[in-house]
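J.: Let me begin by handing over the structure; questions about it come next.
The values are calculated or read from the model by the stated rules, or taken from the named source; none is laboratory data. The structure presented is a predicted model; accordingly, all values stated were derived computationally and were not measured. Cβ placement follows ideal geometry from the backbone for every residue including glycine, while neighbour counts extend to all protein chains displayed.
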Amino acid sequence: MRGVAGLLLALAAVGCGPPEAAPTRPLSLLPDEAGPLDALNRRHARLRQRMRHRGYGEEVGLTRAFVLEDRGVSFPLDLGVGKCSTFLALGGGSIRDLTLTLHDGQGDVAATESIDGEGGLVHVCPQGEGDAMVRPHHLVIRAREGAGAVMVAHFRSEPEVGDGFDGLFEGVLAPRVPFRDVEEHLARSRSALRARGFSPVGAPLLERVTEGSVVRLPVMLEPGRCYVATGRSGEGLRDIDLFLFDAAGVEVARDLAQDAEPSIEHCPSEAGRHTVELRAFEGAGAVGVMVAVGPAEEPEAAPGEPAPEPHDERVDDPALALGVMAAPLQNRGFAPPLFVSRDAAIVPGEVRTHDVVIGPGCALIAGAASHEGMDLDLYLADDAGREVDRDTAVQSTARVRACRDQPSVMRVAVKGYGRDGAYALALLRAPDSVTSIQALRVEEATAPYRLRGYTPRFVLNAELRQESPFRRTVVLEAGECLAVAAAGDEEAEDLDLFLRATDGALVVSDSGPDPYATLSRCAEVREVLSLELHHHGRGRFALHVLGTGEGAGRTEATGAESSPAPGAPPPAPSRRDHSASEDPPPE
């Protein structure tokens with residue numbers, strides 16, 4: 001009985017004891033996934049060490065996540081009340097702009113970072129309500145530019161402890177510097193290589209790096225040719241090294257000279273994918289890597305067979321293309337090209353600017369791309385930023401014009417489309433006989449026809465009017481050809497030319513978005529056509545009619561003809577007579 005009674009007393013004691021505490025959920029912390037000890041981890045370790053030296057202790061969490069551009073990742077976190085939490089992030093890969101935002105349990109922003117570049121930091125000291133020891137939060141990491149891995153560390157410290165965060169990221173983030181110096185250094189190297197018969201393999205790779213960073217450029221190499229890999233840097237980098245690895249990852253060449261101009265030359269014995277690796281040994285700034293290929297080796301002729309004929313290999317040299325473009329201009333009295341840039345790199349959508357000095361007199365600025373698949377546009381503006389001329393035709397060459405009484409600094413904007421490549425830009429002074437942008441445009445528009453034997457038949461200079469187009473009847477005899485050119489001054493926005501049959505049907509036109517237009521027509525039978533000039537903007541315009549044969553291009557006044565403007569010269573009253581109201585045809 002005593003045993004049973006004791007057992008009952010023991011059970012009663014257990015049943016009357018204090019209730020067991022309900023199980024609690026585990027605290028949400030950063031996942032322990034630091035990843036490999038790579039370049040990103042080493043750079044982030046420098047930041048963590050600085051945090052320790054500033055009095056924020058050891059990190060209580062360290063993780064790594066992959067972030068896509070404009071796609072964020074989120075970490076749920078429980079932060080201790082009465083303690084301060086600091087989250088320190090650094091992006092790798094192609095990330096150039098990173099943002100960190102910490103939200104509280106209600107979704108409101110508790111803290112956000114304001115650091116430019118691929119780094120981020122948020123610091124918060126949650127305050128409790130009631131007996132709560134932790135407060136729920138969410139850390140959101142977003143890449144606004146680029147994609148890649150991001151490392152995040154969590155530090156916990158007491159309030160008002162630590163030396164602050166000024167200068168924490170100094171020397172760790174890639175500097176926000178332009179690529180201008182690097183591109184100029186690479187352009188000089190390209191010119192030297194082209195003199196040896198080498199041509200670029202693709203576009204150069206441009207990056208901003210910190211000390212210890214690595215830039216890799218994959219490239220396919222073929223036997224029977226030699227290749228040159230070149231690295232160049234801008235201000236802030238004092239020593240960069242260059243390595244070449246084959247498809248198996250074996251190092252085949254290196255340049256460890258203590259300078260910022262490494263170069264490797266390699267002639268592979270077999271085809272394969274290689275990797276050019278640039279390492280920033282000392283300093284931080286902008287770097288560029290490019291590869292050039294030499295001419296192919298000529299195959300040896302078999303005994304008794306004739307040697308193969310030499311062949312020319314295409315060299316994509318924009319300066320050479322611009323020289324070809326400038327040659328006919330020089331033949332017409334333009335000065336030799338004064339190069340603003342011989343080999344400037346450009347990628348699709350990029351805009352690059354150059355300053356030029358024009359005046360006294362008129363000048364033409366010509367641009368040529370390194371590849372026919374590129375589309376090069378030019379925009380010319382004065383010192384006040386007002387656009388003077390543009391050429392946005394879809395082609396690999398472009399030209400803009402201006403005239404100034406005194407030497408004036410003007411800005412040329414170059415924009416590329418289509419593919420990566422390079423361009424050359426040069427200024428050509430117009431002949432002294434050309435004294436206005438209107439005359440310069442006419443000279444260019446009529447030059448191809450004058451060289452083919454067309455002679456001037458009719459010239460008109462007048463003011464532009466918005467209310468009605470200019471019309472004139474043109475007669476073409478069988479076998480005769482006609483060319484018409486119209487050009488406005490700087491105030492003219494758009495000039496369009498149309499030739500119509502007597503029934504109104506369109507025969508030929510030039511209606512591009514430019515302040516000049518040109519068209520031509522050759523007749524197999526006698527034709528009576530209506531010439532129309534439509535315009536937008538204001539200012540003056542010049543209309544030139546040229547033709548072949550004795551009567552080609554003679555004009556007739558009609559009732560439908562609109563006078564150019566009050567006070568302007570009226571049209572010719574007869575078919576072939578040039579009255580005093582018209583300018584005489586140029587010699």
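J.: Can you name every one of the strands (runs of 3 or more DSSP E) wholly within the stretch 196-311 that holds 2 or more residues which are modelled with pLDDT of 85 or more and among the aliphatic types (A, V, I, L, M)? Give the derivation first.
T.: Values: elements: 205-209, 214-221, 227-233, 237-245, 251-255, 263-266, 272-283, 285-293.
Fully inside the stretch 196-311 and qualifying: 205-209, 214-221, 227-233, 237-245, 251-255, 272-283, 285-293.
J.: Ok, one more. Where residues in the stretch 220-238 are crowded, with 19+ Cβ neighbours inside 10 Å and hydrophobic (A, V, I, L, M, F, W, C), which of them is nearest to Gly249 (Cα to Cα)?
T.: Taking the candidates together, the pick is Leu221.
J.: Still on this model: For Gly537, state whether it is surrounded by fewer than 22 Cβ atoms within 10 Å (Cβ to Cβ), modelled with pLDDT under 80 and not basic (Lys, Arg).
T.: It is true that Gly537 is surrounded by fewer than 22 Cβ atoms within 10 Å (Cβ to Cβ), modelled with pLDDT under 80 and not basic (Lys, Arg).
J.: Exactly one of these conditions fails for Gly93: (1) surrounded by fewer than 16 Cβ atoms within 10 Å (Cβ to Cβ); (2) more than 28 Å from Val214 (Cβ to Cβ). Give me its number.
T.: Gly93 satisfies all of (1) surrounded by fewer than 16 Cβ atoms within 10 Å (Cβ to Cβ); (2) more than 28 Å from Val214 (Cβ to Cβ) except (2).
J.: So, one more: Got at least one residue in the stretch 144-156 being at positive phi and in the same structural domain as Glu118 (by TED's automatic domain parsing)?
T.: yes
Here's the yes/no breakdown for (1) among the hydroxyl-bearing types (Ser, Thr, Tyr); (2) at pLDDT 90 or above; (3) assigned to a loop (DSSP other than H, G, I, E, B); (4) farther than 30 Å from Val287 by Cα:
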| position | (1), (2), (3), (4) |
| --- | --- |
| Ala345 | no, no, no, no |
| Tyr379 | yes, yes, no, no |
| Ala384 | no, no, yes, yes |
| Gly416 | no, no, no, no |
| Leu425 | no, yes, no, no |
| Arg450 | no, no, no, yes |
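J.: Pro178 passes all but one of (1) of a type outside the set (Phe, Trp, Tyr); (2) part of a loop (DSSP other than H, G, I, E, B); (3) within 30 Å of Leu425 (Cα to Cα); (4) without any contact (Cβ under 8 Å) to a residue 40 or more places away in the chain; which number fails?
T.: Condition (4) is where Pro178 drops out.
J.: Can we say Val161 is aliphatic (A, V, I, L, M) and in a loop (DSSP other than H, G, I, E, B)?
T.: For Val161, the condition - aliphatic (A, V, I, L, M) and in a loop (DSSP other than H, G, I, E, B) - is met.
J.: Another one. Got a number for residues in the stretch 63-79 being in contact (Cβ under 8 Å) with a residue 60 or more places away in the chain, out of contact with any Asp or Glu (no Cβ under 7 Å at 6 or more places or on another chain) and assigned to a strand (DSSP E or B)?
T.: Here the count works out to 10.
J.: If you take just the strands (runs of 3 or more DSSP E) that sit entirely in the stretch 453-552, which of them hold at least 2 residues that are touching a residue at least 24 places away in the same chain (Cβ under 8 Å)?
T.: Qualifying strands (runs of 3 or more DSSP E): 455-463, 470-476, 481-488, 492-500, 516-522, 527-537, 540-547.
J.: Could you identify the single residue in Arg457, Arg500, Arg471 that is buried (at least 20 other Cβ atoms within 10 Å of the Cβ), closer than 21 Å to Ser530 by Cβ, out of contact with any Phe, Trp or Tyr (no Cβ under 8 Å at 6 or more places or on another chain) and basic (Lys, Arg)?
T.: Values: Arg500 fails: buried (at least 20 other Cβ atoms within 10 Å of the Cβ); Arg471 fails: buried (at least 20 other Cβ atoms within 10 Å of the Cβ).
Residue meeting the stated conditions: Arg457.
J.: Can you pull out the residues in the stretch 47-70 that are under 18 Å from Phe169 (Cβ atoms), surrounded by 14 or more Cβ atoms within 10 Å (Cβ to Cβ) and over 41 Å from the mean Cα position of the chain (by Cα)?
T.: The answer is Arg54, Tyr56, Glu59.
J.: Tell me whether the stretch 79-88 contains one or more residues that are out of contact with any strand residue (DSSP E or B) (no Cβ under 9 Å at 6 or more places or on another chain), surrounded by fewer than 18 Cβ atoms within 10 Å (Cβ to Cβ) and either among the hydroxyl-bearing types (Ser, Thr, Tyr) or within 18 Å of His137 (Cβ to Cβ) (or both).
T.: yes
J.: Given the options Asp382, Asp375, Asp389, name the one that is out of contact with any helix residue (DSSP H, G or I) (no Cβ under 6 Å at 6 or more places or on another chain) and free of Cβ contacts under 8 Å to residues at least 40 places away in the same chain.
T.: Checking each option against the conditions leaves just Asp382.
J.: Residue check, Glu527 against (1) modelled with pLDDT under 85; (2) over 21 Å from Val388 (Cα atoms); (3) buried (at least 16 other Cβ atoms within 10 Å of the Cβ), all met but one. Which one?
T.: Failed condition: (1).
J.: Kindly list, by first and then second residue, each pair from a residue in the stretch 222-250 that is in the same structural domain as Ala284 (by TED's automatic domain parsing) and within 30 Å of Leu173 (Cα to Cα) to a residue that is among the β-branched types (Val, Ile, Thr) and in a loop (DSSP other than H, G, I, E, B), limited to pairs with Cβ atoms under 6 Å and residues at least 6 apart or on different chains.
T.: none
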